[in-house]
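Undergrad: Supplied in structure tokens, the structure appears directly below.
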Amino acid sequence: GYKVVSFSNVHDFMNRKSGEVPDLFLLDVMLPDGSGIEVCGELKSNIDLSKSPVIIMSAHASLDEVTSLCKAEGFIQKPFDIDAFLDKVRVQIDNANDG
């Protein structure tokens, strides 16, 4: 299984305890107080966090939009199949651990 830490908005995420580097970031494009794509850009520009893979999910954005705005390693279109979702998470974590 996975240990999951969730945040309901960008503000809470940005004010999280630093120090722990997660195996993966999963971000929704549309958040109550910001954009998951902008958060992705900030993560990728942070030397300590840039190696952690990012998966972006959205019901409205397309893969092309996300990849042109953010260097996310994965994209999931909502609604999604839970098994396919878990496969993407596993692949990204495995790839990060192998690299």
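The numbers here are math on the coordinates, done by the rules we state, and not lab data. Treat the numbers as computed from the prediction; the structure is a model and nothing was measured. Methodologically, a virtual Cβ is constructed for each residue, glycine included, from the backbone with ideal geometry; neighbour enumeration extends over all protein chains shown.
Undergrad: Antiparallel DSSP bridges in the chain: what percent, to the nearest 5?
TA: Roughly 20 percent of the beta bridges in the chain run antiparallel, per DSSP.
Undergrad: Name the residues whose placed amide hydrogens come within less than 5 Å of the amide hydrogen of D28, ignoring near sequence neighbours (fewer than 5 apart) on the same chain.
TA: HN-HN under 5 Å from D28: M57.
Undergrad: What's the extension gain from D98 to M14 if we count 0.36 nm per residue and subtract their Cα-Cα distance? Don't skip to the answer; put the middle values down first.
TA: Numbers: separation 84, 0.36 × 84 = 30.24 nm, distance 2.77 nm.
27.5 nm is the gain from fully extending D98 to M14.
Undergrad: May I ask you to compute the full-extension gain from L49 to K78, defined as 0.36 nm times their residue separation minus their alpha-carbon distance, rounded to one decimal in nm?
TA: On the way: separation 29, 0.36 × 29 = 10.44 nm, distance 2.55 nm.
Computed gain between L49 and K78 is 7.9 nm.
Undergrad: With charges set only on the Cβ (+1 for Lys and Arg, -1 for Asp and Glu), what does the dipole of segment 16-99 come to about its Cα centre, in debye to the nearest 20? Before the final figure, lay out the partial values.
TA: Values: 8 positive and 15 negative charges, 31 e Å.
My answer is approximately 140 debye.
Undergrad: Could you list which residues have their amide H under 5 Å from that of F75, counting only those 5 or more apart in sequence or on another chain, with H placed in the peptide plane?
TA: HN-HN under 5 Å from F75: I56.
Undergrad: In nm, what is the difference between 0.36 nm times the number of residues separating D87 and M30 and their Cα-Cα distance? Don't skip to the answer; put the middle values down first.
TA: Numbers: separation 57, 0.36 × 57 = 20.52 nm, distance 2.29 nm.
Full-extension gain reported as 18.2 nm.
Undergrad: Read phi for every residue in segment 28-40 and hand back ³J(HN,Hα) as whole Hz from Karplus 6.51 cos²θ - 1.76 cosθ + 1.60, θ = phi - 60°, with x for Gly and Pro.
TA: With the stated coefficients, segment 28-40 comes to 8, 5, 9, 10, x, 10, x, 10, x, 5, 5, 4, 4 Hz.
Undergrad: In this model, which of K17/K71; K17/K51; K51/K78; K3/K88; K51/K71; K3/K51 are farther than 21 Å apart at the alpha-carbon? List each step's numbers first, then the result.
TA: Working: K17/K71 24 Å; K17/K51 18 Å; K51/K78 25 Å; K3/K88 16 Å; K51/K71 11 Å; K3/K51 19 Å.
Checking Cα-Cα distances, K17/K71; K51/K78 exceed 21 Å.
Undergrad: Next question, about the same structure. So what are the ³J(HN,Hα) numbers for segment 8-21, from phi and the Karplus equation (6.51, -1.76, 1.60; θ = phi - 60°), rounded to whole Hz, Gly and Pro as x?
TA: 8, 7, 5, 4, 5, 4, 5, 9, 5, 5, 8, x, 7, 9
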